[in-house]
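Read the figures in this text as sums done on the coordinates, not as results from a lab. Keep in mind that what you see is a predicted model, and the values were worked out from it rather than measured. Counting neighbours? That spans all protein chains shown, and the Cβs are built from the backbone with ideal geometry, glycine included.
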C-alpha cells in the first residue's frame, strides 16, 4: 500500500466534503451576499487538520535549563533527633 501525504490529504478532503454535504448544518453560516470565499469549508478543515498533525516547532517547548519548582520524585525528610 502506498500511503503518502497526498493520498491522506485527498482521502481526508473527500471524507470531510461528503460529511458536510450530508450534514450541511455543520458548515459555518455564510451571508447570501458578499465576498466569495477562496477556499471551501472542506478545504479549510482539511488544511487545518493537516497543519496540526505535528508540533509547530522542531525543538522542545521547555528549555533544558528550566526545572519545575516542585520535586519530581518524592523526597524523604529525616527530622533531627
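Extension gain, residue 27 to residue 41, is 4.4 nm, computed as 0.36 nm per intervening residue step minus the present C-alpha separation. With the simple spin-label model, which puts each label point 7 Å out from Cα in the Cβ direction, the residue 50 to residue 8 separation comes to 1.0 nm.
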